[in-house]
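Report on the structure given below.
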Amino acid sequence: MPDSETETEVIEGGAASPAEETGAGESGSVGVVSLDARLDCQPGDGEPTNRSAYRQLLADGLDALAVLGARHFESSTAEADVLRDNDGTVVTAEEVADDPVEATDRALGAMEEVDHLYVSIDLSVLDAAAAPGVSDPAPGGLSTRELFRVVRLLTSDDRIAGVELVEAAPPLDRDGRTVEAAARAVAHAVGTIGE
């Protein structure tokens, strides 16, 4: 785990696989704000997958989880129950559209008791028009403007210990929209960390 006063991890990956480097169980408590269309708390067979990773991390001792940008019909009731049973927080894409600052404050409120904060940016959180280059693009997601603002708000938190960007599938992209959004999201994160 990085020393939050001197270094922050930035991880870029192609598939949706929340950072196993969250440091759950290491010094201090750890929370994750996941920018994602889905809750990723499906039952698994013991090995994390892109749709069960947070269920596994919660079972392994992750202290707090907030999913920001979730959309209706993208996750099951069982996944919502897992999150609720673990005191997780869901902030919908509609709430972000209504007021990005208030929505981000709700997600950060769920992180109130943690020492280290990780931000996971799953590009499927974006609307399909902005990010066609993901495995399952769907309408009703965040705009790039909303994503960039939320990322800046989250990464300006003093507890930030890492940022990851996942779910980029360049072969599925059109006109480089998804790759451009990903690069700019990372730039907004890196440009804000430590401010």
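The values are calculated or read from the model by the stated rules, or taken from the named source; none is laboratory data. On a predicted model such as this, the values are computed, not experimentally measured, just so you know. Heads up, the Cβs are rebuilt from the backbone with ideal geometry, glycines too, and the neighbour counts pull from every protein chain shown.
Before moving on, here are some points about what is shown:
- Identity of the residue in the stretch 63-96, more than 18 Å from residue 136 (Cβ to Cβ) and of a type in the set (Ser, Thr, Tyr), that ends up modelled with the highest pLDDT: 89
- The lone exception for residue 49 - which of (1) touching a Phe, Trp or Tyr at 6+ places or on another chain (Cβ under 8 Å); (2) surrounded by fewer than 21 Cβ atoms within 10 Å (Cβ to Cβ); (3) among the hydroxyl-bearing types (Ser, Thr, Tyr) it fails: (1)
- When the residues of the stretch 147-179 are filtered to those that are outside any strand (DSSP E or B) and acidic (Asp, Glu), the one that is farthest from residue 27 (Cα to Cα) is 175.
- Residue 3 being of a type outside the set (Ser, Thr, Tyr), surrounded by fewer than 17 Cβ atoms within 10 Å (Cβ to Cβ) and at pLDDT 80 or above: no
- The residue list 135, 124, 143, 156 contains one member that is crowded, with 24+ Cβ neighbours inside 10 Å and hydroxyl-bearing (Ser, Thr, Tyr), which is 124.
- Matching residues in the stretch 123-146 - criterion: being of a type in the set (A, V, I, L, M, F, W, C) and in a loop (DSSP other than H, G, I, E, B): 128, 129, 130, 131, 134, 138
- Count of the stretch 89-122 residues, restricted to those that are more than 14 Å from residue 70 (Cβ to Cβ) and in a loop (DSSP other than H, G, I, E, B), is 6.
- Candidates 83, 153 - the one that is of a type in the set (A, V, I, L, M, F, W, C), over 23 Å from residue 179 (Cβ atoms) and touching a Cys at 6+ places or on another chain (Cβ under 9 Å): 83
- Those residues of the stretch 56-73 which are closer than 21 Å to residue 154 by Cβ and either assigned to a loop (DSSP other than H, G, I, E, B) or out of contact with any Ser or Thr (no Cβ under 6 Å at 6 or more places or on another chain) (or both), in sequence order: 57, 58, 62, 63, 64, 65, 68, 69, 71
- Tallying residues that are surrounded by fewer than 16 Cβ atoms within 10 Å (Cβ to Cβ) and part of a helix (DSSP H, G or I) within the stretch 74-88 yields 5.
- Checked across the stretch 11-28, the condition of being at pLDDT 95 or above and either closer than 23 Å to residue 195 by Cα or not in a loop (DSSP other than H, G, I, E, B) (or both) holds for no residue.
- Of all residues in the stretch 124-151, those that are at positive phi have Cβ atoms under 9 Å from Cβ atoms of residues that are modelled with pLDDT of 95 or more and not in a loop (DSSP other than H, G, I, E, B), 6 or more apart or on another chain, in 140/93; 140/94.
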